[in-house]
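Here is the structure we will look at, set down as structure tokens.
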Amino acid sequence: MTWEEFISYDHLYSLGIAIGIFLLFLVFRKLFTKFIFAGLKRFANKTNSTLFSNVLLAFEKPVQWVFIILGIYAAVYYYPELNHEQAVFVKVLKIWMILLVSWGLFKLASTSSAIIRNINEKTRIEIDEILIPLLSRALQVVVVAISVTIVLNELGYAIDGLVAGMGLGGLAISLAARDALANMFGGIVIITEKPFGIGDWILTPSVEGTVEDITFRSTRVRTFADAVVTVPNATLANESITNWSKMGKRRITFNIRLTFDTPSKKLDRVVGEIRKLIEQHPEVHPETIFVNVDFYKEDGIDILLYFFTKTTDWGQWLGIKEDINLKILQILEREGVSFAVPSRRIYVDSEKEQIDLGNQES
């Protein structure tokens with residue numbers, strides 16, 4: 001096309017119409033988002049349909065891009081200088097549409113955890129909580145794999161040849177992905193043996209905290225310092241794991257050290273009063289309670305306290321422990337008994353000291 005033809009009235013008119021068509025589709029996109037899509041979301045909120053709401057949220061952005069693709073196609077269709085049936089143009093639009101659908105399905109798969117939990121609640125199908133995030137990520141992997149396959153097919157690549165090539169390089173890939181495979185099998189061990197679940201408080205040689213997420217490769221644990229630690233599943237599968245959330249009760253044990261000059265009768269009364277206090281406390285588990293004179297230490301007499309609280313919540317456990325400690329102080333004050341303070345006494349033989357001094361003078 002020459003410059004004269006480009007700036008001719010007919011060409012500029014056609015170009016202006018084509019641009020106008022594209023802008024019109026942008027207006028349609030705006031109206032759809034503002035009215036139709038917003039109305040669908042309000043309807044979904046009224047029906048309390050989790051699946052419908054997740055589908056709308058997943059495909060909101062892809063549908064908006066569909067208007068752009070349709071606007072481009074309509075503009076090219078009208079513009080006489082471009083061929084809307086050209087193979088490359090049609091293939092690009094098809095791949096674009098495939099990617100948009102894949103985008104929506106990928107986003108929907110990422111929200112499938114809520115859908116699976118909803119199925120758990122409303123049906124007899126019991127899916128373990130630890131499997132839900134893994135199933136969600138498995139769906140995402142499937143969506144990506146299918147999308148890549150379709151796009152490669154559209155581009156003219158032979159899928160069979162690609163799979164065969166991957167088979168030939170399988171050994172090299174497996175060697176390179178040895179750690180990844182170990183982590184995946186570690187995840188399978190965690191799922192099958194179920195040493196912990198999401199939300200559990202665990203302690204391992206590597207980390208202590210609350211489990212937030214479990215993936216094919218790793219487990220995320222939020223520590224009590226509010227930091228997130230990502231531990232490979234292979235590491236967790238080979239470590240000893242203490243699951244504190246499985247406690248039915250929580251232990252409290254400590255020693256009270258009293259002075260040696262405490263009379264035996266007072267010591268006996270103190271032990272009895274403390275035992276009575278713990279046995280009658282409403283938040284102490286009655287099954288195992290020990291309050292006994294335990295050791296004679298170099299600076300005092302130790303009384304052992306060993307019992308469990310009914311609650312396993314850390315905050316409530318601390319409150320119960322504080323309450324018992326304060327009441328023990330009241331018992332000691334009432335009986336006039338003091339805590340032993342670490343100290344050391346030095347005894348000097350005065351006669352030997354005088355003889356030594358006399359020898360020095362002579």
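The values are calculated or read from the model by the stated rules, or taken from the named source; none is laboratory data. Nothing here was measured: the structure is a model prediction, and the numbers come from that model. Counting neighbours? That spans all protein chains shown, and the Cβs are built from the backbone with ideal geometry, glycine included.
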Determine which member of the set Glu85, Glu60 is acidic (Asp, Glu) and either surrounded by 14 or more Cβ atoms within 10 Å (Cβ to Cβ) or modelled with pLDDT of 80 or more (or both).
Glu60
Could you list, in sequence order, the residues of the range 223-263 that are in contact (Cβ under 8 Å) with a residue 60 or more places away in the chain, polar (S, T, N, Q) and within 16 Å of Asp313 (Cα to Cα)?
Ser245
Condition test on Lys327, is it touching a His at 6+ places or on another chain (Cβ under 9 Å), touching a residue at least 12 places away in the same chain (Cβ under 8 Å), under 30 Å from Gly248 (Cβ atoms) and surrounded by 14 or more Cβ atoms within 10 Å (Cβ to Cβ)?
yes
